[in-house]
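Asks: The structure's right below; bear with me while I get my questions together.
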């Protein structure tokens, strides 16, 4: 190719430039995909508050817990992290605090999307400036765009950043399904590299074309269906359960015998205790019971009533010892 580049032919010069461009794009695609290839266990972090202010110390401690457990990555400012209730300054503070504390020991992914593309691009560009390792971008909610609009939403965000992007496909929250149609439409976008499949998405994942399964890293966000997702070829797990027992989540990623099944049973017990509710309020209440952390959430979330808190406490008492045993085995 060097000989071609030295020739005087404009046509050959054009071919040379095209070949170089193809090589660069191929290398970029390989590098972006490789950045997520080793990420199998991801905790969606809560955002701790002291009163109504961010509690940076508690957040840093939470990151330390994930590192010690062997979690591969954390997500900040998604629905578990109450990103919808954070100011831009607070979002920056949460992301910066996690990056500083992680020191490269785990990846930090930022949830950056809203139902508007322009705002989502601004949040994504800011996350890149601060040093995020990747982005979690949801299918637009509330605005109810067409399939073409959803695909354009992701394309425009991807063009604005070089960071790897994981699609958050959770129709129970967004009403709109991304699914196979979206994955097919974005298959040529090199930095859209993964999918977080929300609750109730097992059947859709099982039906997914093998080509699309290989094209993306697929993460299960439905704790109850985790064993089945893994059996169908999911790459890993993204769960808020890691705020409570990160060693349990890490054990799933390491393939410990029975870990996924045990994880499912524990999650099912907690969901039964809360009547199916699993959100920042429940997770923070559980963290308060286990570790004495603050239960504070921001509206429209409200704290648990005494009856539900007691139900959660009873389940956690039965789980804490087992989680401690697993932690000892893992460290050993």
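Asks: Give the stretch 235-258 a look and list any residue that's surrounded by fewer than 22 Cβ atoms within 10 Å (Cβ to Cβ) and either modelled with pLDDT of 90 or more or in contact with a helix residue (DSSP H, G or I) (Cβ under 7 Å, 6 or more places away or on another chain) (or both), or say none.
Replies: If the condition is that a residue be surrounded by fewer than 22 Cβ atoms within 10 Å (Cβ to Cβ) and either modelled with pLDDT of 90 or more or in contact with a helix residue (DSSP H, G or I) (Cβ under 7 Å, 6 or more places away or on another chain) (or both), then 235 is the only one that fits.
Asks: Taking the stretch 138-149 as the search range and keeping residues that are under 23 Å from residue 36 (Cβ atoms) and touching a helix residue (DSSP H, G or I) at 6+ places or on another chain (Cβ under 6 Å), which one is surrounded by the fewest Cβ atoms within 10 Å (Cβ to Cβ)?
Replies: Filtering the stretch 138-149 for residues that are under 23 Å from residue 36 (Cβ atoms) and touching a helix residue (DSSP H, G or I) at 6+ places or on another chain (Cβ under 6 Å), the one surrounded by the fewest Cβ atoms within 10 Å (Cβ to Cβ) comes out as 140.
Asks: Hey, any hits in the stretch 165-175 for a residue that's at pLDDT 95 or above and either more than 30 Å from residue 270 (Cα to Cα) or assigned to a helix (DSSP H, G or I) (or both)?
Replies: Yes, there is a match, as at least one residue in the stretch 165-175 is at pLDDT 95 or above and either more than 30 Å from residue 270 (Cα to Cα) or assigned to a helix (DSSP H, G or I) (or both).
Asks: Moving on. Could you look through the stretch 162-185, keep only residues that are touching a strand residue (DSSP E or B) at 6+ places or on another chain (Cβ under 9 Å) and surrounded by fewer than 20 Cβ atoms within 10 Å (Cβ to Cβ), and pick out the one that is farthest from residue 44 (Cα to Cα)?
Replies: Here the answer is 177.
Asks: Among the residues of the stretch 100-120, which ones are surrounded by fewer than 21 Cβ atoms within 10 Å (Cβ to Cβ) and either part of a loop (DSSP other than H, G, I, E, B) or at pLDDT below 95 (or both)?
Replies: Residues satisfying the conditions are 103, 104, 105, 114, 115, 116.
Asks: Of all the residues that make up the stretch 128-145, how many are outside any strand (DSSP E or B) and within 16 Å of residue 84 (Cβ to Cβ)?
Replies: 5
Asks: Condition test on residue 80, is it in contact (Cβ under 8 Å) with a residue 24 or more places away in the chain, in contact with a strand residue (DSSP E or B) (Cβ under 8 Å, 6 or more places away or on another chain), buried (at least 16 other Cβ atoms within 10 Å of the Cβ) and assigned to a loop (DSSP other than H, G, I, E, B)?
Replies: Answer is yes for this residue.
Asks: Which of the numbered conditions does residue 234 fail, given that it passes all the others? Conditions: (1) within 28 Å of residue 47 (Cβ to Cβ); (2) in contact (Cβ under 8 Å) with a residue 60 or more places away in the chain.
Replies: Failing condition for residue 234: (2).
Asks: All but one of (1) crowded, with 20+ Cβ neighbours inside 10 Å; (2) within 19 Å of the chain's Cα centre (by Cα) hold for residue 297; state the number of the condition that does not hold.
Replies: Residue 297 satisfies all of (1) crowded, with 20+ Cβ neighbours inside 10 Å; (2) within 19 Å of the chain's Cα centre (by Cα) except (2).
Asks: Is it the case that residue 94 is in a helix (DSSP H, G or I), under 24 Å from residue 165 (Cβ atoms) and at pLDDT 50 or above?
Replies: Yes, satisfied.
The values are calculated or read from the model by the stated rules, or taken from the named source; none is laboratory data. Just so you know, these numbers come straight off a predicted model, no measurement behind them. Positions of Cβ are backbone-derived with ideal geometry, glycine not excepted, and every protein chain shown enters the neighbour counts.
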